Amino acid sequence: MIAKKTKTHSSRHSGQAGEASATRNPGISKTAGYRLEFILRAYRRDGMRESGRVMLFQMRFVAILLTVLAAVPASAQLRKINIAYTATSPYQAVLIIAKEAGIFKKHNLDPQLILTPGGSLGFQAMMGGDVAMVMADGSAAVTSNLAGADVVIIASFLNTFPYSLISIPEVKRVEQLVGGKVAISRFGSATDVSVRMSLAKVGLNPDKDVTILQIGTQTTRFAALQSKQVQATIITPPFTLTARKQGYNTLIDMAQLNIPFELTALLTRKAYIKTQPETVRDVVAALADAVHFYKREKEPVLKILSRYLQTTDREALEETYREIALKTVPEKPYPTLPGIQTILDELAPKNPKAKASRPEDFVDSSFVKKLDDEGYFERLYKK
């Protein structure tokens, strides 16, 4: 960043002006700012005994010092932040892409990305102050908000269920799941909600016809399916292609059900927004850039996805890129109000507060809207 030039005056207020510029200037590190403040105090103290010519020389020296301090390497200015993500899934890959492609650094951020399988664990970490934000399904924000937590959704990266419910080769039709076991990540997560809603859509009672087990990450669930510990599980690309090749059946393609749902959302606390609005703004802008990179930079993205998803299967990675980056991830990451309404409808029978709530109560779209109003997305996708 380039420091703004500050006009200096040879008067009794000039030292105060220099201190203020050091405080406001984001290009000056905190340590450098303290050093500058010490020097200015010394100049004010000694300046009372100096001649006007010497004082003028000193203030010119301070102006030069300001310029030098503004040239502190960018790495020293990066803001540290912990961000949790809740699944090893291409639907949350935008966070990894922002890190691996250096996009966070361009926005002066140095995030520590922490995998907390299942939405509830990431939420607990955020409420405990261990992480500032969580990328999870929107139901975590809704349920916690209804319970009194100050959690809101500030951006959305997937607005429906794109999952596939796959089964072992012996189970060829969804009705054959009756009496069987279905693996999800954790109870209350998006995988849980999507399985229950999709089974209900095709005529099964998820509470009576099947046993739903919380197993963990997608790779763990797929391993459980391969060992036949469960008869079905919920997966995303590229595991969909792998499953088909190995003879597993796709019982439900949930994308075809077109159920609006706030699936992949960035959550934070209202208190954090109040104290760190600039950091929130920069994280949202960085992830908006990462979505653009996801859609436009195919080869670098495939390399990142290969490491992240732990596969070198080019065909599987191509399917992931085509089905997710190009088809499902929105260019503008606005939270989806219809998707939040779906969550409220699901919760309403057991939670009266959900029935009385509005989707708008659970979102803060101001950061995405500000980018949109400034023409940020229009400029981004014209490149």
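Applying the criterion of being part of a loop (DSSP other than H, G, I, E, B) and aliphatic (A, V, I, L, M) to the residues of the range 185-213, the residue that is surrounded by the fewest Cβ atoms within 10 Å (Cβ to Cβ) is 202.
Selection of the range 284-324 for residues being basic (Lys, Arg) and closer than 15 Å to residue 236 by Cβ yields only 322.
Just to check your reading of the model, which residue among 245, 274 is surrounded by fewer than 15 Cβ atoms within 10 Å (Cβ to Cβ) and more than 23 Å from the chain's Cα centre (by Cα)? Just a single option satisfies the conditions, and that option is 245. Would you check if residue 95 is modelled with pLDDT under 95 and outside any strand (DSSP E or B)? No, not satisfied.
Here is the figure for the range 143-164: residues that are touching an Asp or Glu at 6+ places or on another chain (Cβ under 8 Å) and farther than 19 Å from residue 274 by Cα total 4. Residue pairs whose Cβ atoms lie under 9 Å apart, separated by 6 or more positions or on different chains, with the first residue in the range 316-331 and over 17 Å from residue 304 (Cβ atoms) and the second assigned to a loop (DSSP other than H, G, I, E, B), are 327/162; 328/162; 330/336; 331/381. Filtered by the rule that a residue be in a loop (DSSP other than H, G, I, E, B) and of a type outside the set (A, V, I, L, M, F, W, C), the range 165-184 gives 169, 170, 172, 173, 179, 180. Kindly indicate whether residue 229 is surrounded by 15 or more Cβ atoms within 10 Å (Cβ to Cβ), modelled with pLDDT of 95 or more and not in a strand (DSSP E or B). For residue 229, the condition - surrounded by 15 or more Cβ atoms within 10 Å (Cβ to Cβ), modelled with pLDDT of 95 or more and not in a strand (DSSP E or B) - is not met.
Here residue 211 meets each of (1) more than 25 Å from the chain's Cα centre (by Cα); (2) at pLDDT below 95; (3) among the hydroxyl-bearing types (Ser, Thr, Tyr) with one exception, condition (2). As for the range 167-174, it holds no residue that is within 21 Å of residue 85 (Cβ to Cβ) and buried (at least 24 other Cβ atoms within 10 Å of the Cβ). With the requirement that a residue be β-branched (Val, Ile, Thr) and surrounded by 15 or more Cβ atoms within 10 Å (Cβ to Cβ), what does the range 248-271 give you? Passing the criteria: 252, 259, 264, 268. With the requirement that a residue be under 27 Å from residue 285 (Cα atoms), among the basic types (Lys, Arg) and touching a residue at least 12 places away in the same chain (Cβ under 8 Å), what does the range 332-371 give you? Across the range 332-371, the qualifying residues are 332, 369, 370. Take the conditions crowded, with 17+ Cβ neighbours inside 10 Å, at pLDDT 95 or above and not basic (Lys, Arg) and apply them to residue 304. Does it pass? Yes.
The values are calculated or read from the model by the stated rules, or taken from the named source; none is laboratory data. A quick note: this is a predicted structure, and the numbers were derived from the prediction, not measured. Every residue, glycine among them, receives a Cβ derived from its backbone with ideal geometry; neighbour counts consider all protein chains shown.
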